[in-house]
Amino acid sequence: MRLLLLLFCPLLGLCQTRIERKPIQLFAEVGGFYGSSKQTPFWLRSNQYGTVPTDLPYASVRTGLRWDSQFYAIDDNTPIKKRDFFGFGYGVELVGNTGAGSKTTLIIPELYGKLRAGAFELVAGRRREVVGLVDSTLSSGSFSWSGNALPLPKIQIGLSQYTPIPFTGGILSVRGFFAHGWFEQKNFVSRAFLHQKALYARIGKAKWPVKLYAGFNHQAEWGGTTSELSDGLIKEGRFPSNFQAYSYMVTGSSLGYNPGVDTTYYSRFDRENRIGNHLGSIDVGLEFSTKKLSILVYRQSVYEDGSLFYRTNLEDGLNGIRFRSLKPATSGFRITGAVVELLYTKSQGGSVFEAADKLRGRDNYFNHSQYRSGWSYFGQGIGTPFITPMTTARPDLPQYGFFSNNRVRAFHTGLQGGFGRNCTFQMKLSYSENFGTYDVPFPNAVEQFSSLLQVGVPLNQSGLLMTVSAASDQGGLFPRSNGVYAGIRKTWDYYQYRSRRM
């Protein structure tokens, strides 16, 4: 009998099946915010997808549900071509906030459905995401799309994961997307559209110790209507939105080089510039990995007009380095990740703008002459939170446009880890020097220090977690404020099992 087992064990190994779990993830959370002033501290509200109000105190209740038919664990290295060809998923999250003397608000940061066919994914709705080569947990936020504002509803098609290019042996992989979305119905410009695309390449296989990343992202706000602008900025209260205008906008074409443009449809501003409010970044990164540690060095070079093309704003951008531990978790004190970043946006191509010359300065990041609400959605900046709107700055500072402070030098560090049995912590520390805008500068550099300490403690083994966060704003940019959040979250994971032949 023992001999028969020895003979057949190799055959059993060839025929083994892999058990896969498809979780339905459901959570519910209740908590409250309290502070020493009326304004919520910077790191309690920033990069929270628009779910945290600016004013304190208030109570919050949230619940969510997510499911993916093609769920694979993060450490699952199953090649894409061996995964199910078709799949689908969905997600929904509801947040209710109520405060003393303020009305109760219901926010829907996620409501989406998605379909997959091979490596391609089609998504419709609102979904939490960060665009750009950057750490997604501890970073101060990607320059153009950081997760600071409520997600915009959009339809998006693309490659959600790095997908090998045929005939490259898996050495060259790409990911990216192409999307169309919608801004809010009522704003300075109502019913504007979002255009968004990104393409990133990776040189090196997933398991290689060194990998190189490079790519770009491009966003544009275009179309829409308003009655608040003069004829030189808009024609008959409506921005161009036909297919020709769409093609100009997608390609970022300058209409100044097209003598056949219809002057009754395109305003003088459109003809001298481009259709819509454009911005994005060109990113590069280098990753080093060992069995115990992953290090990612990244750079985002930012653009809004021709300054980057003419290399006059090369100083501006986000520079970062991320450390991530790959060692198995232990029960003692441990550091699992760290980030150090420098954001610089003071240059903006210089203080001079000449359309007919290479001096394409005064970029005025996130502000725009036509779209006066700037790069925002429901009153919150879509990009890096260090470029601050007038509504959150101290009222005694000079006020200008929607974003009164877009010339910034900021230093940021983030740290996360664990202690005890499954307890976690996260810390963020940021120091910034703020200079206002070129048009309305601050009289002197305004210093600001913002901090956050968050601790998570499991209350049982069944998904009950208590979270306590403490944050502080000290300096001259925001009102001085100290605040805390305490909440309890219950998570349920319902698993569907299947067997797949290896």
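The values are calculated or read from the model by the stated rules, or taken from the named source; none is laboratory data. Quick caveat: nothing in here was measured; it's all calculated off a predicted structure. We place every Cβ from the backbone using ideal geometry, glycine too, and count neighbours over all the protein chains shown.
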Fill in the blank from the handout: Restricted to region 162-179 and to residues being small (G, A, S) and over 25 Å from V250 (Cα atoms), the residue farthest from the chain's Cα centre (by Cα) is G169
Practice task
Select from region 192-236 the residues that are basic (K, R) and at pLDDT 95 or above and write down the one among them that is nearest to E272 (Cα to Cα).
Solution key: K197
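Would you confirm, using the coordinates I've provided, whether V130 is within 26 Å of V174 (Cβ to Cβ) and without any contact (Cβ under 8 Å) to a residue 24 or more places away in the chain?
When the stated conditions are applied, V130 passes them.
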Fill in the blank from the handout: For region 201-239, the count of residues that are more than 23 Å from the chain's Cα centre (by Cα) and not in a loop (DSSP other than H, G, I, E, B) equals 5
Exercise for the section: Filter region 441-474 down to the residues that are part of a loop (DSSP other than H, G, I, E, B) and among the small types (G, A, S), then identify the one that is nearest to T345 (Cα to Cα). Expected result: G463
Completion exercise
Every listed condition ((1) under 25 Å from the mean Cα position of the chain (by Cα); (2) under 21 Å from G337 (Cβ atoms)) holds for L465 save (1)
Exercise for the section: Could you tell me whether region 171-190 includes any residue that is of a type in the set (A, V, I, L, M), closer than 22 Å to S289 by Cα and outside any loop (DSSP other than H, G, I, E, B)? Expected result: yes
Exercise for the section: Just one of (1) assigned to a helix (DSSP H, G or I); (2) in contact with a Lys or Arg (Cβ under 9 Å, 6 or more places away or on another chain); (3) of a type outside the set (D, E, K, R) trips up T263, so point out which. Expected result: (1)
Problem - Of all residues making up region 393-436, the number that are among the β-branched types (V, I, T) and either at pLDDT below 95 or surrounded by fewer than 22 Cβ atoms within 10 Å (Cβ to Cβ) (or both) - result: 2
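To keep it simple, each residue is scored yes or no on (1) of a type in the set (S, T, N, Q); (2) surrounded by 15 or more Cβ atoms within 10 Å (Cβ to Cβ); (3) closer than 23 Å to A471 by Cα; (4) at pLDDT 50 or above.
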{"site": "R2", "(1), (2), (3), (4)": "no, no, no, no"}
{"site": "L6", "(1), (2), (3), (4)": "no, no, no, no"}
{"site": "L14", "(1), (2), (3), (4)": "no, no, no, no"}
{"site": "I19", "(1), (2), (3), (4)": "no, no, no, no"}
{"site": "F27", "(1), (2), (3), (4)": "no, yes, no, yes"}
{"site": "Y34", "(1), (2), (3), (4)": "no, no, yes, yes"}
{"site": "P41", "(1), (2), (3), (4)": "no, yes, yes, yes"}
{"site": "S46", "(1), (2), (3), (4)": "yes, yes, yes, yes"}
Handout entry: Selection from region 275-299 of residues that are hydroxyl-bearing (S, T, Y) and either touching a Pro at 6+ places or on another chain (Cβ under 8 Å) or not in a strand (DSSP E or B) (or both)
Key = S289, T290
Exercise for the section: Could you grab the pairs with beta carbons closer than 9 Å, sequence gap of 6+ or different chains, first residue in region 469-495 and in contact (Cβ under 8 Å) with a residue 40 or more places away in the chain and under 26 Å from P389 (Cβ atoms), second one assigned to a strand (DSSP E or B) and basic (K, R)? Expected result: A471/K428
Handout entry: Check on F366, modelled with pLDDT of 95 or more, assigned to a loop (DSSP other than H, G, I, E, B), on the phi > 0 side of the Ramachandran plot and surrounded by 16 or more Cβ atoms within 10 Å (Cβ to Cβ)
Key = yes
Practice task
Give the residues of region 426-457 that are over 22 Å from F366 (Cα atoms) and without any contact (Cβ under 8 Å) to a residue 60 or more places away in the chain, sorted by residue number.
Solution key: M427, L429, F449, L453, Q454, V455, G456, V457
Practice task
Could you identify the single residue in G224, G204 that is buried (at least 18 other Cβ atoms within 10 Å of the Cβ), out of contact with any Phe, Trp or Tyr (no Cβ under 7 Å at 6 or more places or on another chain) and of a type in the set (G, A, S)?
Solution key: G204
Exercise for the section: Report yes if some residue within region 338-357 is of a type in the set (S, T, Y), at pLDDT 95 or above, out of contact with any Pro (no Cβ under 7 Å at 6 or more places or on another chain) and assigned to a loop (DSSP other than H, G, I, E, B); otherwise report no. Expected result: yes
Completion exercise
Picking from G99, G147, G169, the residue that is among the small types (G, A, S), surrounded by fewer than 19 Cβ atoms within 10 Å (Cβ to Cβ) and either in contact (Cβ under 8 Å) with a residue 60 or more places away in the chain or more than 24 Å from E287 (Cα to Cα) (or both) would be G99
Exercise for the section: Answer yes or no: is there a residue in region 186-197 that is under 22 Å from the mean Cα position of the chain (by Cα), small (G, A, S), buried (at least 18 other Cβ atoms within 10 Å of the Cβ) and under 27 Å from T345 (Cα atoms). Expected result: yes
